[in-house]
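For reference, the structure discussed in these notes is given below.
The values are calculated or read from the model by the stated rules, or taken from the named source; none is laboratory data. Because the structure is predicted, anything quoted here is derived from the model rather than measured. Counting neighbours? That spans all protein chains shown, and the Cβs are built from the backbone with ideal geometry, glycine included. When the accessible area is computed, the model is the full protein with side chains, heavy atoms only, and any ligands, DNA or RNA have been set aside. Shrake-Rupley method; radii C 1.70, N 1.55, O 1.52, S 1.80 Å.
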Amino acid sequence: MKNKDAITGVILAGGLARRMGHQDKGLILFQGQPLVSYAIAAMRPVVTELLINANRNIEAYQQFGWPVISDQTDSFDGPLAGILTAMLHSQADTLLVMPCDAPLMQAGHLQRLVDCRRAQNADVAVAVEGGRWHPVFLAVKTALKTDLQAYLASGQRKVETWLAQYATVTVDFGAQPELFSNVNTMAELEGLERVR
């Protein structure tokens, strides 16, 4: 039975990071700390359970002290594969999701996603900024896991297309676009270091 008050958090660190020369983004240092450590700090005050979704360097991620879960397949199927894996591990009603490479995101921002989903009893709350969805920053009902399994089994991978099927509330972070400064290239990492 799901716990309607519990929240499982998952940090997505399972990608191949092609634009980073296949380096493991969560383990890259930002201001002297691995990027994933910023996500852990943002998640911890909000969730009752925290998971790290990683498909490489498992032992390195285990050093942070949280359970590390890998995708159901070894084909690097994108963020939804990590979200599904977390849903399958969760006993909570809500799954809170963020990527490992957004070091400016804070607990209060993530709490807004959780609160907005609950307040409107929506299936999903997703972050938006400037009219643009940021679909890997979301709070989603774990009850959608069966639907997500079917979606992935059909060969589809696009997060926005999957979310569009559900009662979704958007949470506007337009006043803080810098929150979504993520790290896809070394140049972006260097640029973010300069402005912090």
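Using the Cβ-Cβ distance between THR48 and GLN149 with R0 = 25 Å, the FRET efficiency computed as 1/(1 + (r/R0)^6) comes to roughly 0.55.
Assuming a strict under-17 Å limit between Cα atoms, what lysine pair count do you get for the range 1-146 once near-sequence pairs (fewer than 8 apart, same chain) are dropped?
Details: LYS2/LYS141; LYS2/LYS145; LYS4/LYS141; LYS4/LYS145.
Value for the range 1-146: 4.
Per residue, the chain reaches -9000 deg cm²/dmol at 222 nm when only DSSP H runs of four or more residues are counted, each adding -39500 (n - 2.57).
Over the chain, give the accessible area per residue in Å² for a 1.4 Å probe, as an integer. Display every interim value, and only then the final one.
On the way: 9040 Å² over 196 residues.
It amounts to 46 Å² per residue over the chain.
Each residue of the range 26-31 was assigned a 3J(HN,Hα) from its phi angle through the Karplus curve 6.51 cos²θ - 1.76 cosθ + 1.60 (θ = phi - 60°); the sequence is x, 9, 6, 7, 10, 6 Hz, with glycine and proline shown as x.
Leaving ligands, DNA and RNA out of it, rank SER70, SER37, SER154 by accessible area with a 1.4 Å probe, largest first. Please report the intermediate quantities before stating the final value.
Details: SER70 50, SER37 30, SER154 75 Å².
From most exposed to least exposed: SER154, SER70, SER37.
Split the accessible area of the range 51-189 by element, probe 1.4 Å, and carbon with sulfur accounts for 49%. Remark: the chain carries a charge dipole of roughly 160 debye about the Cα centre, counting +1 on each Lys and Arg Cβ and -1 on each Asp and Glu Cβ. Only aspartates and glutamates eight or more places from LYS158 in sequence, or on another chain, were considered; those with a Cα closer than 13 Å are ASP77. Annotation: amide H of LEU50 within the under-5 Å range of GLY9, sequence separation 5 or more or interchain, hydrogens built in the peptide plane.
Taken one residue at a time, the phi angles of the range 154-170 give Karplus couplings (6.51, -1.76, 1.60, θ = phi - 60°) of 7, x, 8, 9, 6, 5, 4, 5, 5, 5, 4, 7, 10, 5, 10, 10, 9 Hz. Gly and Pro are set to x. Each of the peptides 46-56, 142-152 was scored by the mean count of other Cβ atoms within 10 Å over its residues; in descending order, highest first, they stand as 46-56, 142-152. For the range 53-59, backbone phi angles converted through the Karplus equation (6.51, -1.76, 1.60; θ = phi - 60°) give residue-by-residue couplings of 8, 9, 10, 9, 6, 4, 5 Hz, Gly and Pro being listed as x.
For the options GLY174, GLY32, GLY14, a Gaussian network treatment of the chain with springs between C-alpha atoms closer than 10 Å singles out GLY32 as fluctuating the most.
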